[in-house]
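Here the structure is laid out as structure tokens; the discussion comes afterwards.
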Amino acid sequence: MKNNITLIGMPGSGKSTVGVVLAKRLGRRFVDSDLVIQERHGKLLHELITEHGVEGFWQIESNVNASLNLENSIIATGGSACYEPEGMQHLRDISTVVYLKLPYEEVEQRLGDLNARGVTLQPGQTLRDLYEERTPLYEKYADLIIDCSRKMLRDVVAEIAERYKKQP
Ligand SMILES: Nc1ncnc2c1ncn2[C@@H]1O[C@H](COP(=O)(O)OP(=O)(O)OP(=O)(O)O)[C@@H](O)[C@H]1O
Ligand SMILES: O=C(O)C1=C[C@@H](O)[C@@H](O)[C@H](O)C1
Ligand SMILES: [Mg+2]
């Protein structure tokens, strides 16, 4: 079994919130690739998106994900990681990839201002469009899919830990 776990899913699905609690529970290190991007570039995510554009940001994100050299870690990715095959392939090589699946209505409820949050929307694209575009990508890359709908944080963490251990 690979000794890292990578969390993927929509913004607001809980990758960062769940990831840190999961890391504590399993005695692992917690790494948030959004924070690694910010540290490496010395800028905030929304500044990088403004400066490089949406696709330029995805490339930056891919480079960071492809460079992660980790053991015994829980990795929370950014919501747009699914667009970058190179970064995703590396994450699949080094970790079990877990998709935190949440219905559209719950994603919408959890997110506030999309621009302030730095969601990489293309011009004219709605959150619903984004959800529909990304869902098949998250499913394609996932080793495990966790239905997070209406579940408490601790129940999501427990389910990931249990299903991770049961893998062949
Ligand atoms: N059951 C739950 N599990 C996880 N998060 C929850 C839950 N209920 C509400 N939340 C809230 O949903 C939000 C999840 O945000 P979080 O930043 O963890 O998402 P993310 O997947 O890391 O997003 P991003 O892709 O933008 O980094 C938080 O505000 C958290 O408090
Ligand atoms: O869903 C997205 O498009 C993003 C989510 C964040 O985690 C960041 O990775 C970035 O702001 C883009
Ligand atoms: Mg996050």
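Just so it is clear, none of the values below were taken in a lab; they were calculated from the coordinates. None of these values were measured; they are calculated from a predicted model. Glycine also receives a Cβ, built like all others from the backbone with ideal geometry; neighbour counts cover every protein chain displayed.
Taken as a whole, the condition of being within 24 Å of residue 86 (Cα to Cα) and touching a Leu at 6+ places or on another chain (Cβ under 9 Å) does not apply to residue 167. In segment 24-78, the qualifying residues are those that are in contact with a Lys or Arg (Cβ under 7 Å, 6 or more places away or on another chain) and of a type in the set (S, T, N, Q), and the one that is farthest from residue 6 (Cα to Cα) is 72. Within segment 61-75, at least one residue is within 14 Å of ligand 1 (Cβ to nearest atom) and touching a residue at least 40 places away in the same chain (Cβ under 8 Å). Within segment 89-126, how many residues turn out to be closer than 15 Å to residue 17 by Cβ and β-branched (Val, Ile, Thr)? Result for segment 89-126: 2.
Scan segment 21-43 for residues that are within 10 Å of ligand 3 (Cβ to nearest atom) and in contact (Cβ under 8 Å) with a residue 24 or more places away in the chain and jot them down. I'd like the intermediate steps shown before the answer.
From segment 21-43, those within 10 Å of ligand 3 (Cβ to nearest atom) are 32-35; that's our starting set.
Result: 32, 33, 34.
Is it the case that residue 48 is within 13 Å of ligand 1 (Cβ to nearest atom), in contact with a helix residue (DSSP H, G or I) (Cβ under 6 Å, 6 or more places away or on another chain) and not small (Gly, Ala, Ser)? Taking the combined requirement at face value, the residue does not satisfy it.
Here 83, 131 are screened, and the one residue that is surrounded by 15 or more Cβ atoms within 10 Å (Cβ to Cβ) and over 28 Å from residue 67 (Cβ atoms) is 131.
Residues in segment 27-68 that are under 16 Å from residue 94 (Cβ atoms), surrounded by 15 or more Cβ atoms within 10 Å (Cβ to Cβ) and over 15 Å from the mean Cα position of the chain (by Cα): 28 alone. Number of residues in segment 94-148 that are assigned to a helix (DSSP H, G or I) and under 13 Å from the mean Cα position of the chain (by Cα): the value is 6.
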